[in-house]
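The values are calculated or read from the model by the stated rules, or taken from the named source; none is laboratory data. Not measured: the values here are computed from a predicted model. Cβ coordinates were reconstructed from backbone atoms using ideal geometry, including for glycine residues, and neighbour counts include every protein chain displayed. Surface areas here come from the heavy atoms of the whole protein model, side chains and all, with no ligands, DNA or RNA. Shrake-Rupley method; radii C 1.70, N 1.55, O 1.52, S 1.80 Å.
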Amino acid sequence: RAITDRPAPRTTSPEAAAAYAAALQDLRDGSISVSGNDLVRATRLDPGFAAAHLELVMRSVYAGDPVRASFAAATQFRSSLDDRDQMLLQAAEPLRLDPPDFDAVATNLRGVVQRFPEDAEVTFFLGGALAAGGHTSEALEATEQAVTVDPQFAGAVWFLTAIYLPEGSDDLGLQAAN
């Protein structure tokens, strides 16, 4: 299912809900940085918006204080998360480590993918964790699956290209983009 087809998460701010929805649409459209800015705006409009904080955590391949702060906020307000997001939060726990344990995150995310196999975003997150852990072929497979589930998921297509290009094949990167 498309990443934009999920039920709206709980927030006290209609403006934060709109920013979150825009962030998902932006990611689906391939506007990665705009999407991130929308998520940051959503968390500023509603600091207790656990789903927006979780989304920031799940998209991050960087360690450090911003991820830990978003993880802490998502954890603090986790009662507002649905079952899927509760599982994602638990799967992301190793991101809090210094350095983050991407292999453990990927292992955890495999269980979330098993529970939600038709969720393109969950599969996309798995691809990101695998890529960050250096498992390129598995990352490609997971990210390709995300595109199979949601063929209009341009953010995942962009990520496929980013994975292919370091492999030294512009042709493969262009194939992924097509």
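Numbers below:
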| item | result |
| --- | --- |
| Cβ-Cβ under 6 Å pairs, at least 6 apart or on other chains, the range 102-127 side farther than 15 Å from Glu144 by Cβ, far side open to solvent by 30 Å² or more (accessible area, probe 1.4 Å) and part of a helix (DSSP H, G or I) | Phe102/Ala132; Val112/Met87 |
| Matching residues in the range 86-100 - criterion: being in a loop (DSSP other than H, G, I, E, B) and surrounded by 19 or more Cβ atoms within 10 Å (Cβ to Cβ) | Ala92, Pro100 |
| Matching entry among Val113, Val122 (being open to solvent by less than 20 Å² (accessible area, probe 1.4 Å), part of a helix (DSSP H, G or I) and modelled with pLDDT of 95 or more) | Val122 |
| Enumeration of residues in the range 8-53 that are among the charged types (D, E, K, R), open to solvent by 50 Å² or more (accessible area, probe 1.4 Å) and under 18 Å from Phe77 (Cα atoms) | Arg10, Arg41, Arg44 |
| Which listed residue, of Asp5, Asp83, is surrounded by fewer than 16 Cβ atoms within 10 Å (Cβ to Cβ) and modelled with pLDDT under 95 | Asp5 |
| Selection status of Val105, in contact with a Leu (Cβ under 9 Å, 6 or more places away or on another chain) and crowded, with 22+ Cβ neighbours inside 10 Å | yes |
| Residue check for Arg78: over 19 Å from Ala17 (Cα atoms) and open to solvent by 20 Å² or more (accessible area, probe 1.4 Å) | no |
| Number of positions in the range 129-178 that are assigned to a loop (DSSP other than H, G, I, E, B), modelled with pLDDT of 90 or more and surrounded by fewer than 19 Cβ atoms within 10 Å (Cβ to Cβ) | 4 |
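Rundown of residues vs (1) of a type in the set (Ser, Thr, Tyr); (2) free of Cβ contacts under 8 Å to residues at least 12 places away in the same chain; (3) touching a Lys or Arg at 6+ places or on another chain (Cβ under 9 Å), yes/no style:
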site: Glu55; (1), (2), (3): no, no, no
site: Met58; (1), (2), (3): no, no, no
site: Asp65; (1), (2), (3): no, yes, no
site: Ala72; (1), (2), (3): no, yes, yes
site: Leu81; (1), (2), (3): no, no, yes
site: Arg84; (1), (2), (3): no, no, yes
site: Met87; (1), (2), (3): no, no, yes
